[in-house]
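Shown next, in structure tokens, is the structure this report addresses.
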Amino acid sequence: MKSKVTLLVALLCLGLNSFAQNEDECRSKLSIFHEYVKAKNYNAAYEPWMDVRTKCPKFNNAIHIDGEKILNYKIENSTGAEKTAYINDLLKLYDEKLVNFPSKAKEGEVLADKAQLMYDNRKELGLSDLEVYNAFDLAFTKDKENFKSPKGLYTYFSLMVDLYDAGEKSAQDLFNKYDDVVEKVDAEVENYSEDLNKLIEKEEAGTALTSKEEKYKRYYSSYLDAYDKIGGSINSKLGERANCENLIPLYTKDFEAHKTDAVWLQRAAGKMSEKDCTSDPLFFKLVNAYHGLNPSASSAYYLGILKDKEGKPSEALKYYEQALGLETDSYKKAKLYSKVADKLKGKGSYSKARSYYREALKLNPSNGRPYLQIASMYAASANDCGDSAFNKRAVFWLAADEAAKAGNVDPTLKSHAAQSATSYRAKAPQKSDIFSEGNAGATINIGCWIGSSVKVPSI
């Protein structure tokens, strides 16, 4: 018995000693491959990395962070069967990350990265569009919260459109997925906008951002720019597939089955509003059914649209105001203010529209679009709001200032805002005009609905 215990202790000590030696070896080789990766010498990093990955799979998350870089390099610099093997190994590495480091791996993010790799290399892997779509769908349905990749979201929807065109998905599948993805994009834009708004408000209060805050500002801005681009791409990809000719028969056919489904009614009414199918009687049925089930900001807004269609703008405005009163989310309320302002602007109610645009800016200061809309109303009113030829053109300075503000707060509008501001300044008085007028540095009061002043530049 004593000899058995002695043998067991010896084996245990041997095992512990072996484990310690193995761990020391892994630590040494991890340091080696990490230094190679930092130097971008991925070929030299491969062997020690594979050794650590095999012997100590849970040792350090660098196995997966650096491993992804190593395998991506190998994929880019290989062909044929060798390339396919590296692609499959990277797919395997993603799975290992979820198993070995679950606290550091966000499932939706990892599965989306895996699906994107499958899409980018679908020919090498021999995958169909449906197989790749299902990989994205797994990421979206299992962990939508952490499926944040703008590129991944676009690819996911793009595949749905391709499957619809090939007859493998129905029109209802297509429109449902469009709503799913657009709602996700909108949610991410809201999150990043809220974070960016805090920094913009700090700057506007006259407090300089720290270097860390400047870094975050660039980070938030880059994501907002990416989501803005893919939002436009998603709508372009959907194209004419979601026109009134397709929407009305589909929603008419399905109305009875879904007339008590608030989500379906909201999405159907929203799509018909977005595609300007609001003159069809079906829109009336959808809106009233939705409002009866779930009186909300959205349903009140749609009722306002109906009143506008009936030629009752004052009643429409009451519903729009009701919608604003019902909305409690600041980001969504800002969007509503902008939508109502757009309608007022379209009717020529510039003063009222400006007040709504300014309310939108208070709630979401990182969205520069209201500034551009105010600028365009100023420009359109130049002939009516100046009391002399010079002062009429001076209104364009106000328009340029508003346009410039859009680019200062909204990364998605920087280029467009700069072009607009330049265009407005070109229409404003030039140096020769100021010299002839002899009013450099003077303040000009602009009348009518604008009710503002502008200082003539010095020459």
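Just a few scattered comments:
- Yes/no for L153 being part of a helix (DSSP H, G or I) and at pLDDT 95 or above: yes
- Residue check for A268: of a type in the set (A, V, I, L, M, F, W, C) and within 27 Å of L153 (Cβ to Cβ): yes
- Hey, E168 at pLDDT 95 or above and among the charged types (D, E, K, R) or not: yes
- Any hit, the range 438-448, residues being buried (at least 18 other Cβ atoms within 10 Å of the Cβ), in contact (Cβ under 8 Å) with a residue 40 or more places away in the chain and over 30 Å from S221 (Cβ atoms): yes
- Here A417 passes the criteria (1) assigned to a helix (DSSP H, G or I); (2) within 20 Å of E327 (Cα to Cα) except the one numbered (2).
- Residue match in the range 220-230 (condition: within 16 Å of I305 (Cβ to Cβ) and in contact (Cβ under 8 Å) with a residue 12 or more places away in the chain): no
- Test: residue in the range 123-142 that is of a type in the set (D, E) and either closer than 25 Å to S366 by Cβ or touching a Pro at 6+ places or on another chain (Cβ under 6 Å) (or both): no
- The residues on offer are F140, F136, and the sole one that is without any contact (Cβ under 8 Å) to a residue 40 or more places away in the chain, surrounded by 16 or more Cβ atoms within 10 Å (Cβ to Cβ) and closer than 30 Å to K58 by Cα is F136.
- For beta carbons closer than 6 Å, sequence separation of 6+ or different chains, a first residue in the range 154-177 that is without any contact (Cβ under 8 Å) to a residue 60 or more places away in the chain and not assigned by TED's automatic domain parsing to the domain that holds A257 and a second that is crowded, with 18+ Cβ neighbours inside 10 Å and assigned to a loop (DSSP other than H, G, I, E, B), the qualifying pairs are L163/K169.
For every residue, the table says whether it meets (1) under 30 Å from L413 (Cα atoms); (2) within 23 Å of the chain's Cα centre (by Cα); (3) not hydrophobic (A, V, I, L, M, F, W, C).
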residue: G126; (1), (2), (3): no, no, yes
residue: Y133; (1), (2), (3): no, yes, yes
residue: F140; (1), (2), (3): yes, yes, no
residue: S149; (1), (2), (3): yes, yes, yes
residue: F157; (1), (2), (3): yes, yes, no
residue: L163; (1), (2), (3): no, no, no
residue: N176; (1), (2), (3): yes, yes, yes
residue: Y192; (1), (2), (3): yes, yes, yes
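- Criterion violated by V181 - all others in (1) modelled with pLDDT under 95; (2) surrounded by 14 or more Cβ atoms within 10 Å (Cβ to Cβ) satisfied: (1)
- Here E310 fulfils each of the conditions (1) touching a residue at least 24 places away in the same chain (Cβ under 8 Å); (2) more than 19 Å from K177 (Cα to Cα) apart from (1).
- Residue within the range 265-288 that is among the small types (G, A, S), touching a Lys or Arg at 6+ places or on another chain (Cβ under 9 Å) and part of a helix (DSSP H, G or I) present: no
The values are calculated or read from the model by the stated rules, or taken from the named source; none is laboratory data. Source: prediction; values computed, not measured. Using ideal geometry, Cβ is built from the backbone for each residue, glycine included, and neighbour counts are taken over all protein chains shown.
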